[in-house]
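The values are calculated or read from the model by the stated rules, or taken from the named source; none is laboratory data. From a predicted model like this one, the values you see are computed outputs, not experimental measurements. Don't worry about glycine lacking a Cβ; one is built from the backbone with ideal geometry, like all the others, and counts go over all protein chains shown. Accessible surface is based on the protein model in full, side chains and every heavy atom, while ligands, DNA and RNA are left aside. Shrake-Rupley method; radii C 1.70, N 1.55, O 1.52, S 1.80 Å.
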Amino acid sequence: MNVTDFDFELPEELIAQTPLLDRTASRLLVLDKETGAVEHRHFRDIIDHLHKGDTLVLNDTRVLPARLMGTKEDTGANIEVLLLKQIEDDVWETLVKPAKKVKVGTVVSFGGGLLRAECTGILEHGGRHFKMIYDGIFYEILDALGEMPLPPYIREKLEDQDRYQTVFAKERGSAAAPTAGLHFTDELLDRIRAKGVEIAFITLHVGLGTFRPVSVDSIEDHEMHAEFYRISQQTADLINQTRQQGGRVISVGTTSTRTLESVARKFDGDLQEDSGWTDIFIYPGYRFQAIDGLITNFHLPKSTLVMLVSALSSRDHILNAYEEAVKERYRFFSFGDAMFIEPQKKETHE
């Protein structure tokens, strides 16, 4: 398959720049997974499409304020450092701008020396390894100095940093938010539980590799960047039980999907407690083992995320739904509206 098979026209003005005041007020396009039929709702109506016996799976990763603005100690030049992932103790993999100014041994100072970082390695893709030097607790210093690493297509300043966190964010480590989860409130989750829907959590720390453009013509040649995941035995047992009893497993976001499918593939469909790194790439032709349906935002043209959602339904259904979303002026990407790729209701065993 060619990357251009997943292209579509997207007017720039439909890229959402700011979150809505009410998280649940965003629009919801409900797509019948099998027929491609489309229904227009609001996100708070998701409860009407979830049924007793379903399990909703959320990613509880917490976004780090991972963008740091500093200066080179020797020259005073301005340097921007984006933390991607912790390698060991105080060593981090990062992206740096301008990278050409940072060589092994370069020391960058942040917050007047409250945090210092020494470059200890240069990576193939141009990234850098930095060893962090500080007194106190690193994450408290990061909270004081860092900024939220908003995607480059968001140009508006985010007034409330918590709006780029889900209300259930817990395990810190992400370089980007699992944005499908941004639509939920505690109140909506309580209403979903009251309906008899189970809620389970996994962790996948989102790296920028998820959003890296596909630079090859044939999608089969694309290599995904690995991301860290964790699933508890409690979540594994709940999902296994849901499937055994005929319930539906509804994944919230492509990150939850990639975690569940990685573990299912590793253990031949029977989920178990596990953690590790996944570079799973899901595109049409993939056979899903863990999930039935997916709540997700609207993604970039020709992205691996559009390919994933196309695998769950079909390329034609997804591109038709995206065309309908553009026509109806849906808001796209991180702060935009949502889609529910809805599977048929199963008969659960009481």
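Go through Thr75, Gly112, His129 and say which Cα lies farthest out towards the positive end of the charge dipole of segment 67-147; charges sit on Cβ, +1 for Lys and Arg, -1 for Asp and Glu.
Projecting each Cα onto the dipole axis, the largest value belongs to Thr75.
Leaving out ligands, DNA and RNA but keeping every protein chain, what accessible area does Ile122 have, in Å² rounded to the nearest 10, with a 1.4 Å probe?
In the full protein context, Ile122 sits at about 90 Å².
Starting from the Kirkwood radius over alpha-carbon pairs of the chain, derive D by Stokes-Einstein at 10 °C in a medium of 1.306 mPa s and give it in µm² s⁻¹.
Translational D for this selection: 75 µm²/s.
Which loop GluC sites (Glu not before Pro) in segment 112-196, with loop taken from DSSP, have no more than 14 other Cβ atoms within 10 angstrom of their Cβ?
The qualifying sites are Glu124, Glu156, Glu159.
Subtract the Cα-Cα distance of Thr75 and Ile133 from 0.36 nm times their separation in residues, and report this length gain in nm to one decimal.
Full extension of this stretch gives 19.0 nm more.
Using only the heavy atoms of the protein chains and a 1.4 Å probe, how would Ser215, Ser310 rank by accessible area, largest first?
Numbers: Ser215 105, Ser310 5 Å².
Ranking Ser215, Ser310 by accessible area, largest first, yields Ser215, Ser310.
For Gln344 and Lys170, calculate 0.36 nm times their separation in residues minus their Cα-Cα distance, and state this gained length in nm to one decimal.
59.5 nm
Which residues in segment 129-147 place their backbone N less than 11 Å from a point set 7 Å from the Cα of Asp90 along the Cα-to-Cβ direction?
Answer for this model: 131-138.
For the chain, give the magnitude of the charge dipole about the Cα centre (Cβ charges: +1 Lys/Arg, -1 Asp/Glu; no others), in debye to the nearest 20.
My answer is approximately 400 debye.
Note down the nm distance, to one decimal, between modelled labels 7 Å out along Cα→Cβ at Ser314 and at Val104.
About 5.4 nm separates the two model spin labels.
Working only with C-alpha atoms, what are the Rg and Dmax values of segment 160-207, expressed in angstrom?
Calculated on Cα positions, Rg and Dmax stand at 11.8, 34 Å.
Compute the distance in nm between two label points, each set 7 Å from the Cα along the Cα-to-Cβ direction, one at Val216 and one at Ala25.
4.5 nm
With charges only on Cβ, +1 for K and R and -1 for D and E, what is the dipole size of segment 67-147 about its Cα centre, in debye, rounded to 20?
460 debye
Report the trypsin sites (Lys or Arg not before Pro) located in segment 98-190 that are in a DSSP loop and have at most 14 other Cβ atoms inside 10 Å of their Cβ, or state none.
When the trypsin sites (Lys or Arg not before Pro) of segment 98-190 are filtered for loop state and at most 14 Cβ neighbours within 10 Å, Lys103, Arg155, Lys157, Lys170 remain.
Leaving ligands, DNA and RNA out of it, report the carbon-plus-sulfur percent of the accessible area of the chain at a 1.4 Å probe.
Accessible surface attributable to carbon and sulfur in the chain totals 45 percent.
If you average over every viewing direction, what projected area does the convex hull of the Cα atoms of segment 67-147 give, in nm²?
4.8 nm²
Counting DSSP beta bridges in the chain, what percent are antiparallel, to the nearest 5?
Here the share of antiparallel DSSP bridges comes out near 70 percent.
Please give me, ordered by residue number, the trypsin sites (Lys or Arg not before Pro) of segment 218-313 that lie in loop per DSSP and have at most 15 other Cβ atoms within 10 Å.
The qualifying sites are Arg287.
Residues of the chain: accessible area per residue at 1.4 Å, in Å²?
On a per-residue basis, the chain sits at 45 Å².
Using a ≥ b ≥ c from the Cα gyration tensor of segment 168-302 (square roots of the eigenvalues), is it rounded, prolate or oblate, where a/c under 1.5 gives rounded and otherwise the larger of a/b and b/c decides, a/b for prolate?
Judged from the Cα gyration tensor, segment 168-302 comes out prolate (a/c at least 1.5, a/b above b/c).
Charges only on Cβ, +1 for Lys and Arg, -1 for Asp and Glu: so what's the dipole of segment 203-263 about the Cα centre, in debye to the nearest 20?
380 debye
Counting only protein chains, not ligands or nucleic acids, how are His183, His225 ordered by accessible area (probe 1.4 Å), most first?
Working: His183 10, His225 55 Å².
Listed by decreasing accessible area, they come as His225, His183.
If you stretched the chain out fully between Glu140 and Asp270, how much longer would it get, using 0.36 nm times the residue separation minus the C-alpha to C-alpha distance? Each step should come with its number before you reach the end.
Details: separation 130, 0.36 × 130 = 46.80 nm, distance 3.92 nm.
Contour length minus the Cα-Cα distance gives 42.9 nm.
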